[in-house]
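Scroll down for the structure; my scribbles are underneath it.
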Amino acid sequence: MEIVIYFEGGGNSAETRAALRLGMSAFLKPLVDMARQRRRRWFITSCGGRDQACEAFPDALEKEPDKFNVLLVDSEAAVTLLPRAHLQQRDRWNLEDAREEQVHLMAQCMEAWLVADPEALAEYYNQGFNAGALPQRTNLEEESKEQIYSALENATRRTQKGGYGKIRHASELLKRVSQEKAKNRCAHCKRLFTTLTAKIQAG
């Protein structure tokens, strides 16, 4: 079965969306390699805005039902429901045609996955990086999006690369951070890997 992931991010230009797609592909490399070994086709699409991801995903469900289409977006808030119900309640998205296993969250935002690996961030930003500004709690999904962004700004603003910017830095950071660290501190990241591993290995 072909796997296609539609995720939010990358901004408004084709160039920045392509860069973030490469970054996310690198972060998901264990899954990409597994799919390749089992001769399963794999595509990942950076949709730009959140609403664009929501539009592309249902369209794919309707037009390409034989593929395992996946929606991957920020939760934007604390998650107390299953992912599909969370998005239906918070964003009023119509996801009735999607199975629960097809809807995945970056909770509360993708940057939580980056913050999960302070060592990788320190290596990338180098001199001036303040690791002490990053959240210390094990469960990063308890940190709000605002807290994560504030922590990243405080940790990076005195570096040569300047304060964290999603368009400027996220694609490179995704290539460097540890998937295991992200899974250990972000339960929905672990769910994504677990779900896709099972889907790749099935059959």
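Annotation: of all residues in region 7-32 being over 18 Å from the mean Cα position of the chain (by Cα) and in a helix (DSSP H, G or I), the one that is nearest to Ala170 (Cα to Cα) is Glu15. Can you tell me which residue in region 81-127 is modelled with the lowest pLDDT, limited to those that are of a type in the set (S, T, N, Q) and not in a helix (DSSP H, G or I)? The residue in question is Asn94. The condition of being assigned to a strand (DSSP E or B) and in contact with a strand residue (DSSP E or B) (Cβ under 9 Å, 6 or more places away or on another chain) holds for Val73. Residue-level analysis places Arg185 outside the set of residues that are closer than 21 Å to Arg17 by Cα and charged (D, E, K, R). Among the criteria (1) touching a Leu at 6+ places or on another chain (Cβ under 7 Å); (2) buried (at least 19 other Cβ atoms within 10 Å of the Cβ), the one Asp117 does not fulfil is (1). Can Ala77 be described as modelled with pLDDT of 95 or more and under 17 Å from the mean Cα position of the chain (by Cα)? Yes, satisfied.
Across region 2-17, the qualifying residues are those that are hydrophobic (A, V, I, L, M, F, W, C) and at pLDDT 95 or above, and the one among them that is surrounded by the fewest Cβ atoms within 10 Å (Cβ to Cβ) is Val4.
Of all positions in region 73-83, none carries a residue that is over 17 Å from Lys166 (Cα atoms) and acidic (Asp, Glu). When region 92-120 is filtered for residues that are farther than 27 Å from Asp66 by Cβ, under 18 Å from the mean Cα position of the chain (by Cα) and among the charged types (D, E, K, R), the ones remaining, listed by number, are Glu111, Asp117. Within region 1-27, being among the aliphatic types (A, V, I, L, M) and touching a residue at least 60 places away in the same chain (Cβ under 8 Å) holds for Met1, Ile3, Val4, Ile5, Ala19, Leu20, Leu22, Met24, Ala26. For region 68-88, filtered to residues that are farther than 20 Å from Glu111 by Cα and out of contact with any helix residue (DSSP H, G or I) (no Cβ under 7 Å at 6 or more places or on another chain), the residue that is surrounded by the most Cβ atoms within 10 Å (Cβ to Cβ) is Gln88.
The values are calculated or read from the model by the stated rules, or taken from the named source; none is laboratory data. The model shown is predicted, which means the values in this text are computed figures rather than measured ones. Note that we place each Cβ from the backbone using ideal geometry, even for glycine, and neighbour counts take in every protein chain shown.
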